[in-house]
Amino acid sequence: MTKTLFSNLFGDPRSRAETAEKEGRKAEALRLYAKGGDHRQAAKLAVDLRNVPAAVEHTLRTLFGRIPEGYEGLDAAQAAELLAKSGKLKDALTLFDLAEAWPQAAEVALKLQQPSRAALYFERGKSYDQAALFYQRAGQPTDALRVYELEAVRLREILRRGPDPAAQAVLEKVERQRAELLTRAGRTDGKGGDPPRDAGSPSPGSPRQLESDGDVRAAIEAFLASGNKDQALRLLEGRRGLDRRFKAEAFRRLGRLVEAAQLYVSLGSMREAADLFEQGRDWARAATAWETARDPLRAAEAFERAERFSDAGRCYLAAAKPEAAARLYLRGGDLLGAGAALEQAGRRLDAANIYQKANDLSRAARVLRSVMPEEPEYLAATHLLAPILLKQRAFDEALARLQTPAASGPPGHSSAETFYWQGRVLEALGSDSEALARYRLAVALKPDHAEAALRVRTLAEKAPARPPVTFTPGEWPAGHRLANRYEILGTLGKGGMGCVYRARDTALGEVVAIKTVMRGQGESSNEHEERLLREIQICRKIDHPNVVRVFDFGRFPGGLFLTMELIEGQGLDVLMREIDPPPLEQVRRILSEVASGLGAAHALQIIHRDLKPTNVILNDKRLKILDFGVAKIGDDVRLTQTGFAVGSPLYMSPEQLQGLPIDGRSDLYAVGILAFALLAGYEPFHGETFTTIAMGHLQSPVPDLHRIRPALPRPWINLVEKLLEKRAEDRPRNAAAVIDLLATMPV
C-alpha cells in the first residue's frame, strides 16, 4: 500500500486535505478541511473555487464557531454585511468581493485604509470618477488617467446617440480633470509646454493632419468621430505601440468585437472580454473568459450555446446548479457526470437509473444504499436496488432490505413489488417453496403482475406435492406438553436453531417463556447449544430487576430448553420506530435502568458484549435486558477467538472491534450508542459493510447532536460524547457513574 493510499484510508481529515490540495484536488480538500473542523482553510478554498455557499458557511464558522441563530441561508453579500457590522472587515471584504458587491467592497476597503483596492472596486462598479480620485490618493496617476479615459469613452458613446446636455457637462469636467492630472505629471506635447491634446478629444485640423503630426490616437478618434471607420481601422491595424486598452475600445466602437475582446484578454480584463465575445457570438471563447473571470454560471450558459455540453455541465456544477449540470451532461453523453450531478441535486433515484444506463452497478448500488428506511424514497430505492444485488449475488443483503418494515409499503402495487423481489431472492437461494409463497402474495395484491404470475406457474409446475403437516422435535403446536410439565400456549418467535414459546408451568400455575435449541451435527448448532447453556449459567448468577430471570433448564429428544420469566412488553427497537424521538424523561429512565442492570452484571465480572435495542424489552413497569449468550465472565474467553470481535457492529466499542481486552466500559460505550440512537433516531456510525461501520467507531468523530436536534440541552450532548470516547479510560469509570450523570440530565 502506497503512502498516499494509506493516508487516504487512515489519515486524519486535515492531513488528507493537505495532500488533496497539493495535488490540485481543491474540491476534495475543501470537503476534508470542513470534516476536520479547519473552517478557515475551508473558507479560503471555497473562495478560490468561487463556491459561494461554502465560503459563507465556513467564514461564519471560523469567526463565530457556528452559524449564528437566525442567519442560516445568507448569501455572500448578506453575510458580508453581518461581518462588517461585527467589525470583521477583512473577512467582510472577501465576501463582498465574492458577491461582486463593488460599492460595499470599496467602502470597506477605505475603512481598512486601502485606497488602491477601493479604487479598483469603484472601477469595477463603473464609478470612474471615484476610482480616479482614489487612484490619485494611492499614488497611481497612470491608473487615474486610464479610468478618466474610460469615463470619457462612455460619455462620448452617449453623445453619439444624440444630444445630452448632462452628459456633455460631465464630459467637459472629466476632460479638465484629466488635463490637470497630465499637467501635474509634467506631460506635454513639446509645443509650448501645454498639456497634450486629450486622446479622445477632437484635435484642431483634419484627421489627416493629426496623422501627419504623429498624433495617431487623436487621428483615430477624429476618424471615428467623423464616421470614417475604414481610415480609423487602417490606423489601428497598421500602427504598433498604441495603448492596448485604447485599441480595444476603438475596435469595439468599430464593431470589431472579437478583436476588441482578444485585446481585453491580453489586458486581463476577462469580464469585458467575455461580454464582447458574447456580443460577437463567439460563445466558446466567451465561455472560457467567463470561467477565467470566475463567473461559472455565465460560463455554463456560453458553453451550452457553443454546444460544449460537458464543459457546460462542469460549470453549472461550479455554479451550484446540479440539475442543469445533469441536463447538459446527458446532452453530451456523459452518463457518469450526469449521475454525479443528480446525486448532488439530491435526486438519488434518478442518479441510480443513470448509473445503471452507464452499466456502473456499483455506483448505482452505493447511491441506493444511502437511502435510509425513514426516508420517503426508501421503498422505490429498495425496488431499484434488489435486481442489482441479485446480479451481484448479495442475497442476504437484498433479503434483509426487502424485509424491513419500510419496504412493505402501502397496500397495492408497492407491496406486490416487494413480495415479488423477496421471491426472486429466495428463489436464488434455493428456497423455492418460500419464493412461491411470495410470488402468490404479489399476484394476490396485483393480479396483472405478469412477472410474478410467470414465476408462480414455473415454480408450481416443478414443486413436489406437499407432505402432510408434521411437527419436528422442538417445533410444537399449542397444547403440546414439554417435560410433562410445560403446556405450550403459542409461538413467540422462531430462528434457525430453535423457537421461543409462551407456555404454562402446570406445576406452579404460572405463564413462562421457553427457549429451545435443537442439537445438530455441525459446529454452528453446537455453538448455539453452548450459548444457551452459557445464558443459563450467567442469568442465574444475576439477581436484578432489570435483568431477565432464568428459572430452569432441561432436555428433550433432539435438543435442550430453558425457562425464563415472560415479559409482557415490546422491544426497544419497536419503541424507537414508533416514537421518534422519545421524550427526554423516558430516555433518561430507559438508560438509567439499562445502566443499573449492567452494573449488577459488571459487579459479577460479567460483560454483556451484545447490548442493542432488540436485546432490551420494556413495559410500563420496568425494563429487562436479555440475551447474555455471548457475554464474557471474568477471564473466560469461550466463544471468542483471538482478534475476533463478538457482538453487533453498530453497537460495538473500538476495543471490542479490535479484539482487545475489555471491561464494563465496553458495555457503557454501547449505552452511549443506544443514547445517541434514542436522541437522534439512528445510530451514529453506519455503512454498507462491517468495515465501514468499524472505521466509524475507530476513527470518526461523533456526529454533532446539536445539528440533528438543535433544541437538545447541552448536558445530553456532553453525556453522549463522554460515553462514546474512543479510549475506554476517557469514559465514565462504571455504570454507577453513568446513573449519577443521568440523574442530573434536564428533561
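The values are calculated or read from the model by the stated rules, or taken from the named source; none is laboratory data. Quick caveat: nothing in here was measured; it's all calculated off a predicted structure. Virtual Cβ from ideal backbone geometry, glycine too; neighbours counted across all protein chains shown. With ligands, DNA and RNA removed, areas are computed over all heavy atoms of the protein, side chains included. Shrake-Rupley method; radii C 1.70, N 1.55, O 1.52, S 1.80 Å.
General remarks:
- At 1.002 mPa s and 20 °C, Stokes diffusion of the range 287-431 via Kirkwood alpha-carbon radius, µm² per second: 130
- If the segment from Asp740 to Arg707 were pulled out straight at 0.36 nm per residue, it would be longer than the present Cα-Cα gap by 9.2 nm.
- Within the same chain, aspartates and glutamates fewer than 8 places from Lys26 are excluded, and of the rest, those with a Cα less than 15 Å from its Cα are Glu18, Asp38, Asp48.
- Sites Ala603 and Thr692 - FRET efficiency at Förster radius 45 Å, r taken between beta-carbons, to 0.05: 0.80
- In Å, descending, principal axis extents of the Cα set of the range 84-136: 30, 20, 12
- Long-range HN-HN contacts of Glu510 with modeled amide H, under 5 Å: Asp505
- Taking a sphere under 15 Å around the Cβ of Val371 and counting the other residues whose Cβ falls inside, with K and R at +1 and D and E at -1, yields a net charge of -1.
- Calculated FRET efficiency, Val574 to Lys22, Cβ-Cβ distance, R0 = 41 Å: about 0.20 to the nearest 0.05.
- Between Lys541 and Arg244, residue separation times 0.36 nm minus the direct Cα-Cα distance comes to 97.6 nm.
- Surface analysis of the range 4-109 yields an accessible area of 50 Å² per residue, using protein heavy atoms and a 1.4 Å probe.
- Rounded to two decimals, the Cα radius of gyration of the range 1-138 over 2.2 N^0.38 Å is 1.25.
- Aspartates and glutamates with Cα under 15 Å of Lys612, excluding same-chain neighbours fewer than 8 positions away: Asp573, Glu593, Asp627, Asp667, Glu683
- Net +/- balance of residues flanking Glu510 in space, Cβ distance below 14 Å, scoring K and R +1, D and E -1: -1
- nm² value of the averaged projected area, convex hull over the Cα atoms of the range 278-345: 3.7
- The C-alpha atoms of the range 667-727 occupy a region whose extents along the principal axes are 33, 22, 17 Å, arranged from largest to smallest.
- Summing Lys and Arg as +1 and Asp and Glu as -1 over all other residues whose Cβ lies under 11 Å from the Cβ of Val747 gives a net charge of +1.
- Cross-link pairs Lys22/Lys88; Lys111/Lys173; Lys90/Lys111; Lys541/Lys722; Lys22/Lys726; Lys541/Lys624 - those with Cα-Cα distance over 19 Å: Lys22/Lys88; Lys111/Lys173; Lys541/Lys722; Lys22/Lys726
- In straight-distance terms, cross-link reach from Lys391 covers every one of the lysines whose alpha-carbon lies under 19 Å from its own, apart from those fewer than eight places away in the same chain; here that gives Lys357.
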